[in-house]
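All remarks here apply to the structure that follows.
What follows is calculated from the coordinates using simple rules that are stated; it is not laboratory data. Bear in mind the structure is a predicted one, so any value in this text is a computation, not a measurement. When we count neighbours, we look across all protein chains shown, and the Cβ atoms used for this are built from the backbone with ideal geometry, even at glycine.
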Amino acid sequence: MSGMTLHQVYAALKLKPPSTMADAPVVKFEVDSRLVGAGDVFIALAGARSDGHDHAASAVENGARLLIVQRDLPQLSIPQIKVDDCLIALAHLAIFHRAHCRGKIVGITGSVGKTTAKDFLLQLFAGSQFTAYAAPKSYNSEIGLPLAMLGAPRNADFIVLEYGINEPGEMDYLLSVVKPDMAAIVAIGAAHLEGLGDVKTIAYEKNKLLQAVPPSGAVWLDSSCMSLIPDEGRKWLAEPHVYDHSIYSYQFEGSKFLVEHPQLKNVEVGCIAPHELRLAMLMADITASCQVPTEKISKALATLVKPHGRMQQLRVGNVDFIDDAYNANPMSMLAALRALSELPCLGKRVAVLGSMLELGEQQQQLHAQIGRSLDEFDIDQVICVGELASTIAGFAPHQIKTICVPDYAAAASLLAENCHDNDLVLLKASRADGLERILPKFERLISIPAT
């Protein structure tokens, strides 16, 4: 339940409801007609690829209680609010809802790791004396962040939001919708260069999140980010915490890290890659500062669950997979390759790599750098999927067996033909490549008896 009512929707948009309209609770707000259920409000966003007005009838069929539109839809019988801009209306609804929520906003941004950090933080709050909320998906854009805010229970103690940007100025817009009470930058690197240009600009834009935190709050940075923020950008209003990962030591054992930490003592952390461990420990520091007991933090760290498509371990047949195919940029691809190289493996280590998108003019250069970097890792074979990823193959060291295939289906067939028991396979690419489809395709292929 959203916590808002129909009459409050009108109030948020500075309108008066029809005198004949009975007030009723809004279950949730949706911009995708396929996800609409009984009692929802459907906001008909007009995008470049799809216009929500064309799907409003489906939203009504699915149970929408109210439509927010930019043009009249007289053929539909349910109440409609006509606005100049549905995106701005979405923002106003989120602003109104934030004003009625008592919890503190924890804002998270980073070139990689936002969603994983958000999910980790939510799990670390769970089981404590506090209630916390975070959107179940990667809602971090000018559409996603307001939707995430609108899903927050009004009585939650903490509301964890992701702030994602593709272009300069987008952080300003997100902050005009919801300002954080606490915030963290988890990583800064080459991502969305097509819109942001360079890492210096990325650091400048992401630092706006920390600068928006009031003096009563606190801000966190992974220690790797500090050198990218100039002195004039470090004049935060809130108390800064630069998280230094040298304060703890760790070793990997089986499917978890064993960590010796000055406050948490000896603790298990349920993840498989060093970059995930960094996120977990940074999020643990945030929850500790919020007075979550150390024993609760330690218990939650041992059982962390990662979001879909982020370093997920799966076994298909007798082959182990690491599904990290939700997204990719140079920073996250190198981290995934390092994890593949360091994880225990009784068979071959195979990296299936696709494209890294939205890198602008540096696209070819950055793919070439990934190819050159393969020399640093203990990997037996690389399968490059698609035209852009073939640049990786062109710069790979000769001692690594490298094969180029046109699409995920060809990659799945190649894996089915060549993988053996206990091989370890990494899937890593931008989401548009759809490398996660390799898994069901591979499973079908290995289940077909040879003829």
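Hey, could you grab the Kirkwood Rh for segment 312-447? Inverse mean 1/r over distinct alpha carbon pairs, Å, one decimal.
Over segment 312-447, the inverse of the mean reciprocal pair distance is 14.4 Å.
If you place +1 on the Cβ of every Lys and Arg, -1 on the Cβ of every Asp and Glu, and leave all else neutral, what size is the dipole of the chain about its Cα centre, to the nearest 20 Debye?
Using only the charged Cβ atoms, the result is roughly 1060 debye.
Would you calculate, for the chain, the mean residue ellipticity at 222 nm contributed by helices, counting each DSSP H stretch of 4 or more residues as -39,500 (n - 2.57) and dividing by all residues, to the nearest 500?
-9500 deg cm²/dmol
Residue by residue, what Karplus-based ³J(HN,Hα) values in Hz, rounded to whole numbers, does segment 287-303 have, using 6.51, -1.76 and 1.60 with θ = phi - 60° and x for Gly and Pro?
Each residue's phi maps through the Karplus curve to give 5, 4, 5, 8, 6, 6, x, 4, 5, 5, 5, 4, 5, 5, 4, 6, 10 Hz.
Longer than 27 Å from Cα to Cα, which of 82/208; 14/208; 137/265; 208/299; 306/348 are they? Say none if no pair is.
From 82/208; 14/208; 137/265; 208/299; 306/348, over 27 Å: 82/208; 14/208; 137/265; 208/299.
Students often check this: by mean Cβ neighbours within 10 Å, which of 201-207, 342-348 ranks highest, and how do the rest follow?
Per-residue mean Cβ counts within 10 Å order the peptides as 201-207, 342-348.
Once label points are set 7 Å from the Cα along Cα→Cβ at both residue 199 and residue 51, what is their separation, rounded to one decimal in nm?
The two pseudo-label positions are separated by 4.4 nm.
Spin-label point model (7 Å from Cα, Cβ direction): what's the residue 308 to residue 418 distance in nm?
Label-label distance for residue 308 and residue 418, simple model: 2.9 nm.
Given 0.36 nm per residue, what is the gain on full extension from residue 253 to residue 315 after removing their alpha carbon distance, in nm?
20.5 nm
In µm²/s, what is D for segment 216-333 at 37 °C and 0.692 mPa s, where D = kT/(6 pi eta Rh) by Stokes-Einstein and Rh is the Kirkwood radius from Cα pairs?
204 µm²/s
Dipole magnitude of segment 312-447 about its Cα centre, charges +1 at Lys/Arg Cβ and -1 at Asp/Glu Cβ only, in debye to the nearest 20?
Charge dipole, segment 312-447, about its Cα centre: 120 debye, nearest 20.
So what's segment 101-301 giving for Cα Rg divided by 2.2 N^0.38 Å, two decimals?
0.98
Could you tell me which label, among [x] 28.3; [y] 24.0; [z] 32.1, carries the value of mean projected area of the Cα convex hull in nm² calculated for this structure?
[y]
Sort 419-426, 280-287 by packing, meaning the average of other beta carbons within 10 Å per residue, with the highest value first.
Those peptides, ordered most packed to least, come out 280-287, 419-426.
What are the aspartates and glutamates whose alpha-carbon lies under 17 Å from the alpha-carbon of residue 428, with same-chain residues fewer than 8 places away excluded?
Partners within reach: 276, 320, 323, 324, 342, 358, 378, 380, 387, 407, 436.
Quick one: if you take sqrt(5λ) for each eigenvalue of the C-alpha gyration tensor of segment 6-84, what semi-axes come out, biggest first, whole angstrom?
19, 14, 11
Which of 130, 86, 363 sits closest to the plus end of the dipole of the chain, meaning its Cα is farthest towards the positive end, when Lys and Arg get +1 and Asp and Glu get -1 on the C-beta?
Toward the positive end, the furthest listed residue is 130.
Which aspartates and glutamates, if any, have their Cα less than 13 Å from the Cα of residue 296, not counting same-chain residues under 8 positions apart?
268, 285
Going by Cα centres, segment 238-257 and segment 400-451 are how many Å apart?
34 Å
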